[in-house]
Amino acid sequence: MTNVNMEMIPETTGRKRRGPLAEVLFRLRKSPLAMFGLVVILLLAFLAIFADVLAPYPYQKQHLQHMFEGPSAEFWLGTDEFGRDILSRLIYGARVSLQVGFIAVGIALFVGGMLGAVAGYYGGRIDNVIMRVMDVLLSIPQTLLAIAIAAALGPGLFNMMIAVGISAVPNYARIVRGSVLSIRGMEFIEAARSVGSSDMRIILKHIIPNSMAPIIVQSTLGVASAILNAAGLSFIGLGIQPPFPEWGAMLSGGRQYIRDFPHLTLYPGLAIMVTILALNFLGDGLRDALDPKLKR
């Protein structure tokens, strides 16, 4: 028998090769902060979905004999100026904040992603027109642009989501355009053209799916920005209107009592802070997990 150098034989047994999604999840688990962020977001989503069951009281129910009451066995986080249970309003507020965050990002991703894909794919005059419009919008601070759009549309949940979403469109347009520019000259795009695929099919079926890594990271961080902007709009009266609970509106309602009853603003502020922090941790973890330069 011929002696075979076993070191020259590649290992084919043992560890099973992970798929792309499993590899990302495996790398994400290595980051404690990212896992903390994921757990917090999943917990908030659970509270938002089952708010009707988990909340101790309806968000609008008033206990007039318990106004401005501090934390107690009956009201774990106390009551507000109308005797409403703060914990219940925070739980229902998670539903509103997450809804605004994800829908606003969906609007920004759809509009900005399509504009960025068209600009990057076609280039030339189309690219110049689209990106100059995006540059004009980027010259306006995002929060100020959201305030202007919300003021023009009027207060309300739907208008707030549109205002926050449209104000974030330029960010997604630039990210998608950059990804498209790096992909459109690759061989599989040329192969798709050679078999007669239309431009729209190439953009939707080939370019955008291969640009998902930076889009996913930006979307995760964008949800945090959307929630913060929505809270700011509600704080100045351009967002969701009473009696519907929203963390920014709860902050606004409690600010005049902050010296005597700080719990009215403490808990909504903590809810916003923890949510934004968790989304940022998760976004940073996804960025590292999806970065091909860090794969081992």
How long is the gain from Q99 to M200 if the chain were fully straight, where each residue apart is worth 0.36 nm and the alpha carbon distance is subtracted? 33.4 nm
Debye intensity ratio I(q)/I(0), log10, the chain, q values 0.09, 0.14, 0.15 Å⁻¹ (C-alpha model): -0.57, -1.06, -1.16
With each pseudo-label sitting 7 Å past Cα toward Cβ, what's the L181-D135 distance in nm, one decimal? 1.2 nm
Taking one equal scatterer on every alpha-carbon of the range 85-144, how large is log10 of I(q)/I(0) by Debye at q = 0.21, 0.24 1/Å? -0.87, -0.98
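Highest mean first, what order results for 103-111, 150-158 on Cβ atoms within 10 Å? Mind showing how you got there, number by number?
Details: 103-111: 20.6, 150-158: 15.6.
So the order, starting with the most tightly packed, is 103-111, 150-158.
Report the extension gain between T143 and F188 in nm, rounded to one decimal, defined as 0.36 nm multiplied by the number of residues separating them, less their alpha carbon distance.
Numbers: separation 45, 0.36 × 45 = 16.20 nm, distance 3.99 nm.
Length gained, T143 through F188: 12.2 nm.
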Under Stokes-Einstein, with the Kirkwood radius over Cα pairs standing in for Rh, what whole-number D in µm²/s applies to the range 91-199 at 10 °C and 1.306 mPa s? 104 µm²/s
Can you pull the one-decimal nm distance between simple spin-label points at K30 and D260, each 7 Å off the Cα toward Cβ? 5.6 nm
Radius of gyration and Dmax for the range 29-110's Cα atoms, expressed in Å? 15.8, 50
Can you give me the distance in nm between label points at F82 and L42, each placed 7 Å from the Cα along the Cα-to-Cβ direction? 3.5 nm
Where in the chain lies the longest segment free of GluC sites (Glu not before Pro) that are both loop residues by DSSP (not H, G, I, E, B) and have at most 15 other Cβ atoms within 10 Å? 82-296
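FYI, it's all coordinate maths here, none of it is from the lab. The shown structure was predicted, so the numbers you read here are calculated from the model rather than taken from an experiment. Every residue, glycine as well, gets a Cβ built from its backbone with ideal geometry; the counts of neighbours run over all protein chains shown.
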